[in-house]
Amino acid sequence: MLFPGAVFRLPSREKGRKRVFLTFDDGPIPEATPWVLDTLDRFGVKATFFMVGQNVERHPELLEEVRRRGHAVGNHTLHHIQGASATTLRYMRDAAEGARLTGSTLFRPPHGWLRPRQMMALKKHYRVIMYDLVTRDYSRHVTADRVVENVMRYTRDGSVIVFHDSVKSMPRLKEALPRALRWLSEQGYEFALLDEAVACR
């Protein structure tokens with residue numbers, strides 16, 4: 001209701017099939033993104049990386065590596081700007097710079113929050129991707145066990161799942177991500193890319 005037109009979940013249209021969309025926010029950074037890529041490779045999984053433009057400017061080689069390994073890329077603004085603290089004009093400029101650097105029309109707002117006017121403006125230029133499951137891997141108050149429990153408890157067909165390739169998340173992610181990937185595979189979930197799924201809608 002608050003964000004009409006945004007994507008929160010994309011259930012499979014084929015009977016008997018289940019899919020999820022793994023996403024990683026806030027990278028790319030050398031302290032986290034290469035490890036995430038290697039872990040995804042180990043499990044044969046593809047994901048969508050919502051990148052902060054400033055990080056792309058600092059580490060363009062990581063953007064290229066993400067693409068080289070067959071993953072999708074999204075825009076997470078230039079400065080990880082919060083909608084609550086910015087005018088619509090400033091927000092749109094920041095989003096446009098993020099889009100230029102990532103080369104993506106997929107957009108995820110930092111912290112999952114937008115003013116209604118910002119949402120209306122964004123919809124004219126981008127496909128706004130939200131989520132229905134945040135693992136909370138970024139929180140130092142949450143254990144790796146709890147991150148995995150969140151995945152196990154709340155995943156359903158079409159879930160858009162948020163992890164983070166960030167320094168803050170790594171203490172939990174190193175244990176939780178392999179366990180979550182293993183569990184999702186055992187439950188019969190397929191891993192899909194958001195750019196492909198959105199293009200088919």
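Summary table below
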item	result
Under 11 Å from the ARG42 label point (7 Å along Cα→beta-carbon), backbone N, the range 139-183	174-182
Extension reserve of the ARG117-TRP35 stretch, reckoned as 0.36 nm per residue once the Cα distance is removed	25.8 nm
Label-zone membership for the range 106-147, site GLN82, 7 angstrom Cα→C-beta point, backbone N under 16 Å	109-116, 139
Entry for log10 I(q)/I(0) by the Debye sum over Cα atoms at q = 0.07 Å⁻¹ (calculated from the structure that is shown) out of (1) -0.42; (2) -0.29; (3) -0.18	(3)
Residues of the range 14-53: accessible area per residue with a 1.4 Å probe, Å²	37 Å²
For the chain, built as a Gaussian network whose Cα springs stay under 10 Å, the top-fluctuating residue of LYS124, LYS46, LYS18	LYS124
Within the accessible area of the chain (1.4 Å probe), percent carbon and sulfur	50 percent
Sparse-neighbourhood loop sites, GluC sites (Glu not before Pro) in the range 1-109 - DSSP loop, at most 10 other Cβ within 10 angstrom	GLU14
Charge-dipole axis of the chain as Lys and Arg at +1 and Asp and Glu at -1 on Cβ define it, positive-most pick from PRO11, SER169, LEU22	PRO11
The chain, helix-only ellipticity at 222 nm - DSSP H runs n ≥ 4, -39,500 (n - 2.57), divided by all residues, nearest 500	-12500 deg cm²/dmol
Dipole-positive endmost among MET119, ALA144, SER185 within the range 74-192 (Cβ charges, Cα centre)	MET119
Full-stretch length increase - GLN187, ARG69 - with 0.36 nm per residue and alpha-carbon distance subtracted	40.0 nm
Most fluctuating residue given options ALA47, ALA180, ALA84, as computed from a GNM of the chain linking Cα atoms under 10 Å	ALA84
For the chain, share of DSSP beta bridges that run antiparallel, in % to the nearest 5	5 percent
Heavy-atom accessible area per residue - the range 75-201, 1.4 Å, Å²	49 Å²
Hypothetical label at MET130: residues of the range 93-114 whose amide nitrogen lies under 12 Å (7 Å Cα-Cβ projection)	109, 112-114
Charge dipole magnitude, Cβ of K and R +1, D and E -1 - the range 113-201, Cα centre, debye nearest 20	560 debye
Charge dipole (debye, nearest 20) of the range 50-114; +1 at Cβ of Lys and Arg, -1 at Cβ of Asp and Glu	120 debye
Cα-centred dipole magnitude for the chain, charges only on beta-carbon of K, R (+1) and D, E (-1), debye, nearest 20	720 debye
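The values are calculated or read from the model by the stated rules, or taken from the named source; none is laboratory data. On a predicted model such as this, the values are computed, not experimentally measured, just so you know. Glycine also receives a Cβ, built like all others from the backbone with ideal geometry; neighbour counts cover every protein chain displayed. Each accessible area value is taken on the protein alone, full model and side chains, heavy atoms only, with ligands, DNA and RNA left out. Shrake-Rupley method; radii C 1.70, N 1.55, O 1.52, S 1.80 Å.
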